[in-house]
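Undergrad: If you scroll down you'll find the structure; I have some questions about it.
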Amino acid sequence: MKETFEQNKLIAGIDCQRCHGPAAEHVDYHTKHPTEKEAHAIQKVRGLSRQQQLDMCALCHSGLKPMLQPAFRFKPGDALADFLMPTAPFPAKSMDVHGNQYQLLSASKCFSGSQQMTCGSCHNTHTNERDNMQVFSQRCMSCHAAGSPDFCTLKNVPAATLQQNCIDCHMPAMPSSAITLLTNGQQSPTPDSIRTHLIAIYK
Ligand code: HEC
Ligand code: HEC
Ligand code: HEC
Ligand code: HEC
Ligand code: HEC
């Protein structure tokens with residue numbers, strides 16, 4: 001399967017239409033009806049099922065797999081299984097943190113236990129929240145509220161300290177086996193480190 005696209009129509013980068021679908025008709029309608037506040041001719045993300053919302057992110061965040069159709073043809077609402085060969089659940093040992101957030105997350109107890117978690121449970125794709133561990137920790141506490149039986153069971157650390165940063169303990173940055181860096185004077189390459197999406201207890 002070869003990826004094809006019309007070069008003169010390609011917008012570089014991850015633009016709005018990659019996640020919101022074709023929008024020419026939408027733009028056309030609202031240009032002609034500037035006072036209309038109800039969205040026309042556009043797929044609303046919140047109107048999609050949990051699996052559809054996961055699939056629209058997993059198109060690019062579930063690792064390299066054999067393609068069944070060109071990825072550029074994918075629209076939000078489509079089933080990922082029609083585009084990428086589904087992979088069998090992989091054994092924990094062979095997991096690489098690189099680029100496969102979807103499979104790692106779906107192997108987590110948070111994901112299977114909650115029946116509702118999507119990428120949007122923690123990520124607001126329209127805002128740059130990089131490195132803001134307090135914001136991400138708040139997202140954890142929407143299910144693991146402080147003072148509730150679902151909160152962290154680690155003893156001898158004050159709850160106020162735990163609340164600052166759930167992430168470094170339960171989603172530690174780990175070495176990628178796909179991306180390495182060889183700098184001047186180094187004998188062997190250093191792997192890049194990436195956040196694992198396998199939420200678990202790491203000792
Ligand atoms: C990486 C994927 C991604 C990209 C790129 C993206 N969005 Fe979104 N957008 C989302 C998600 C996910 C939501 C739903 C958030 C939520 O649940 O509140 C959303 C919500 C919205 C909404 C609210 C209506 C709705 O569908 O829920 C608007 C309007 C919107 N986006 C416009 C834009 C525009 C304009 C751009 C380009 C400048 C853009 N988006 C780029 C993922 C994306
Ligand atoms: C068309 C491909 C594509 C789609 C669809 C897509 N992404 Fe991405 N995403 C990327 C690329 C490429 C990067 C940049 C990777 C990098 O910088 O290492 C990225 C980066 C990210 C980052 C890291 C941003 C940062 O700077 O910390 C997050 C979080 C993310 N994507 C979440 C999502 C979510 C959630 C969705 C679904 C709503 C989504 N992406 C859909 C391609 C995509
Ligand atoms: C949508 C709700 C939800 C969110 C958000 C959430 N979790 Fe969970 N989490 C759960 C559920 C449900 C379980 C499973 C409880 C069980 O089976 O007893 C769980 C289990 C866990 C476990 C136990 C894992 C194991 O292997 O034993 C840890 C640790 C955890 N969560 C930490 C976190 C952290 C850290 C975050 C934020 C990065 C987070 N959770 C976000 C719902 C959630
Ligand atoms: C339970 C919370 C949670 C969920 C759900 C979640 N993420 Fe993340 N993600 C994080 C945290 C925390 C980081 C680290 C952010 C940072 O370092 O600034 C992160 C980082 C990332 C990055 C950047 C990786 C890196 O190390 O540079 C990407 C890409 C990403 N997430 C994609 C996704 C996708 C796709 C989904 C859905 C399949 C998803 N995430 C679901 C919490 C979550
Ligand atoms: C300093 C590291 C650290 C921090 C910070 C931390 N945890 Fe934990 N967490 C642990 C360890 C270690 C355990 C296992 C404790 C035990 O069972 O003795 C644990 C246990 C848990 C459990 C229970 C898992 C189970 O089912 O047994 C949950 C849920 C959890 N943490 C969520 C969180 C959340 C949410 C935050 C942020 C508010 C957080 N943790 C902050 C290290 C940490």
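Undergrad: When the accessible area of the range 13-86 is computed with all protein chains present and a 1.4 Å probe, what percentage of it is carbon and sulfur?
TA: Carbon-and-sulfur percentage of accessible area, whole number: 59.
Undergrad: Taking only protein heavy atoms into account and a 1.4 Å probe, give the accessible area per residue of the range 13-86 in Å².
TA: 65
Undergrad: Using +1 on the beta carbon of Lys and Arg, -1 on that of Asp and Glu, and nothing else charged, what's the dipole of the range 13-86 about the Cα centre, debye to 20?
TA: So the magnitude is around 180 debye.
Undergrad: Using the 2.2 N^0.38 Å rule of thumb for compact globular proteins, work out how the chain stacks up: its C-alpha Rg over that value, please.
TA: So the Cα radius of gyration is 1.22 times the expected 2.2 N^0.38 Å.
Undergrad: Putting +1 on Lys and Arg Cβ atoms and -1 on Asp and Glu Cβ atoms, find which of C110, V135, Q186 reaches farthest to the positive end of the dipole of the chain.
TA: Result: C110, furthest along the dipole toward the positive end.
Undergrad: Set the bar at 22 Å for Cα to Cα. Now go through K65/K109; K44/K75; K109/K203; K9/K75; K155/K203; K2/K75 and name every pair that lies beyond it.
TA: Exceeds cut-off: K65/K109.
Undergrad: How big is the charge dipole of the range 88-203 about its Cα centre, in debye rounded to the nearest 20, if each Lys and Arg gets +1 on its Cβ and each Asp and Glu gets -1 on its Cβ?
TA: For this selection, approximately 240 debye.
Undergrad: Moving to a separate point now. Work out the length of the dipole vector of the chain about its Cα centre, built from +1 on the beta-carbon of each Lys and Arg and -1 on the beta-carbon of each Asp and Glu, and round it to the nearest 20 debye.
TA: 380
Undergrad: Kindly provide the helix-only [θ] at 222 nm of the chain, computed as the sum of -39,500 (n - 2.57) over DSSP H runs of four or more divided by all residues, to the nearest 500 deg cm²/dmol?
TA: Rounded to the nearest 500, the figure is -6500 deg cm²/dmol.
The values are calculated or read from the model by the stated rules, or taken from the named source; none is laboratory data. Since the model is a prediction, treat every value here as computed from it, not as a measurement. Don't worry about glycine lacking a Cβ; one is built from the backbone with ideal geometry, like all the others, and counts go over all protein chains shown. Surface accessibility is based on the protein's heavy atoms, side chains included, excluding ligands, DNA and RNA. Shrake-Rupley method; radii C 1.70, N 1.55, O 1.52, S 1.80 Å.
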